[in-house]
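> Dropping the structure in here first, questions after.
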Amino acid sequence: MQHLRALGTGASAYVLWGLFPLYFRLLADSGPVEIVAYRALWALLFCLAALAVIGRWHSFTAVLRDRRLFATLALAGFLVALNWGIYVLGVTTDRTLDASMGYFMNPLVSALLGVLILGERLRPAQWLAFGFGATAVAVLVASFGEFPWIAVTLAISFGFYGLVKKRVGGRVGALEGLTAETLALLLPAIAVISWLLGTGAATVQPFSGYGGLVALAGPITAVPLILFAYAAARLNLSTIGMLQYTTPIMLFLLGWLAYGEPMPPERWAGFVLIWIAVVIFAVDAARATRAPRLSRR
């Protein structure tokens, strides 16, 4: 029963992430920098309130007292802010398909970072998957004459975010970590909002209906992360790895079917190559996870 609850919780987190374009397209009147500033601010306020409600102030203040730990989480905060900004730019400018490809590419980028930075070794199948992914990017560049920078930047920024979070390990809970990350963004967020309000360039009036819609970014950001943390603590990595493809699949379907973004043959070719890479990567990961279990038996 606990496994099924964790599976449902994890799936809910990825489904909510996959539905994000429906919300952020409502904020298309605002630029991505302004949206990210308010998102960081409201997410911080939501997290602080959640810490107070569940009584976890002590664990959060322990994070603040550890300067190295807080600095690491601050770096994670700026990386995820970059990821948020590029993502919002993609879904509000009719490039949801590019965002989808970015999150399909993310496991491949994470594996490559493990090789380059952590000294890990890729298995032959992983190298093959990475080759298909690189070919997909090359096909898109050759076909459109434009580097798919939204997809690549999303994959790289989230890959480095995962790498930084891996450095932290299990020392910080999801809520405490997210609170510290958004706290690091507080001053830049206030500076951006103040500058926009002072110059008359702001599109968000705090005490308006649109301002209330923007304020929803706080719980919308925090709730899936909390659900994910619950699931990640109770599911094995192979299950989490399979669940993570829910989000880019939903983004792809929204971009293609709901928003009518163009899918010429060249883009289909790029996506097919990415999907082949994902299948190879997923099958290899499942086999690698199963092998130790079989040997123990």
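Any read-out appearing in this document is the output of simple, stated calculations on the displayed coordinates, not a laboratory observation. Values in this document were obtained by computation on a predicted structure and should not be read as measured data. Glycine also receives a Cβ, built like all others from the backbone with ideal geometry; neighbour counts cover every protein chain displayed.
> For LEU140, LEU75, LEU41, LEU4, which order do you get if you count the other beta carbons within 10 Å of each Cβ and list the fewest first?
Fewest-to-most Cβ neighbours within 10 Å comes out as LEU4, LEU75, LEU41, LEU140.
> Please arrange TYR210, TYR38, TYR245 by how many other C-beta atoms lie within 10 Å of their C-beta, fewest to most.
TYR210, TYR245, TYR38
> Relative to the Cα centre, what is the charge dipole magnitude of the chain, using +1 at the beta carbon of each Lys and Arg, -1 at the beta carbon of each Asp and Glu, and rounding to the nearest 20 debye?
In total the dipole reaches around 1460 debye.
> What order do you get for LEU213, LEU16 when you list them from fewest to most C-beta neighbours inside 10 Å?
LEU213, LEU16
> Choose one answer from ALA81, ALA13, ALA50: the residue with the largest mean-square fluctuation in a GNM of the chain with alpha-carbon springs under 10 Å.
Answer for the Gaussian network model of the chain: ALA50.
> Something else about it: Summing +1 for each Lys or Arg and -1 for each Asp or Glu, what net charge is found among the other residues whose Cβ lies under 15 Å from the Cβ of GLU176?
Result for the neighbourhood of GLU176: +2.
> Between LEU253 and GLU146, what length in nm is gained on full extension when 0.36 nm per residue of separation is reduced by their alpha carbon distance?
Between LEU253 and GLU146, full extension yields an extra 36.2 nm.
> Work through the residues other than PRO148 whose Cβ is under 13 Å from its Cβ and net out their charges, Lys, Arg +1 and Asp, Glu -1.
After counting each charged neighbour, the total is -1.
> Can I ask one more? Compute the signed sum of charges (Lys and Arg +1, Asp and Glu -1) over the other residues within less than 11 Å, Cβ to Cβ, of ILE117.
Taking every other residue near ILE117 into account, the sum is +1.
> I'd like the GluC sites (Glu not before Pro) in segment 92-193 restricted to DSSP loop residues with at most 11 other Cβ atoms within 10 Å, sorted by number.
Here the GluC sites (Glu not before Pro) that fit, given the DSSP loop and packing criteria, are GLU146.
> Can you find, among THR92, GLY200, VAL53, the residue farthest towards the positive end of the dipole of segment 2-288? Put +1 on the C-beta of Lys and Arg, -1 on that of Asp and Glu.
VAL53
> Same structure, new question: Based on the mean of other beta carbon atoms within 10 Å per residue, what is the order of 94-100, 198-204, most packed first?
94-100, 198-204
> From the helices alone, meaning DSSP H stretches of at least four residues, give me the mean residue ellipticity at 222 nm for the chain, per-run term -39500 (n - 2.57), in deg cm²/dmol to the nearest 500.
The helix-only estimate for the chain comes to -26500 deg cm²/dmol at 222 nm.
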